[in-house]
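Only one structure is covered here, and it is reproduced in the block below.
The values are calculated or read from the model by the stated rules, or taken from the named source; none is laboratory data. This structure is a prediction, so every number in the text was calculated from the model and none was measured. Cβ coordinates were reconstructed from backbone atoms using ideal geometry, including for glycine residues, and neighbour counts include every protein chain displayed.
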Amino acid sequence: MRENVTNMDQELKLLRQNIELITTGSSRVNTSLVEKRNRINQLSNVHSLLRKVRGSATGTRKRSRFRRLTLGVHLVRAARCTDPIRV
């Protein structure tokens, strides 16, 4: 029984060493990838913005609705300026 305990202690020490090696290796990999992760996030944000801009520029419904709304606003303003009742 004593041998089993001794073997278990040795196995636990080996396990602890393996865990420490894995932890240090993982930390090294994480620190080496930080810059790349940041760059990927930045590019992803730019991509999202470009999709929004492209969507609003190519969306004919949005463009035509915008034109109608701005034309309507201009007509209302023009009508107010030329209204003979309002002097």
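Here are the numbers for this structure:
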quantity: Given (1) at pLDDT below 90; (2) part of a helix (DSSP H, G or I); (3) not aliphatic (A, V, I, L, M), index of the condition Pro84 fails; calculated: (2)
quantity: Boolean, Leu50 is surrounded by 10 or more Cβ atoms within 10 Å (Cβ to Cβ) and either among the aromatic types (Phe, Trp, Tyr) or modelled with pLDDT under 90 (or both); calculated: yes
quantity: Any chance Ile19 is surrounded by 10 or more Cβ atoms within 10 Å (Cβ to Cβ), among the aliphatic types (A, V, I, L, M), at pLDDT 95 or above and in a helix (DSSP H, G or I); calculated: yes
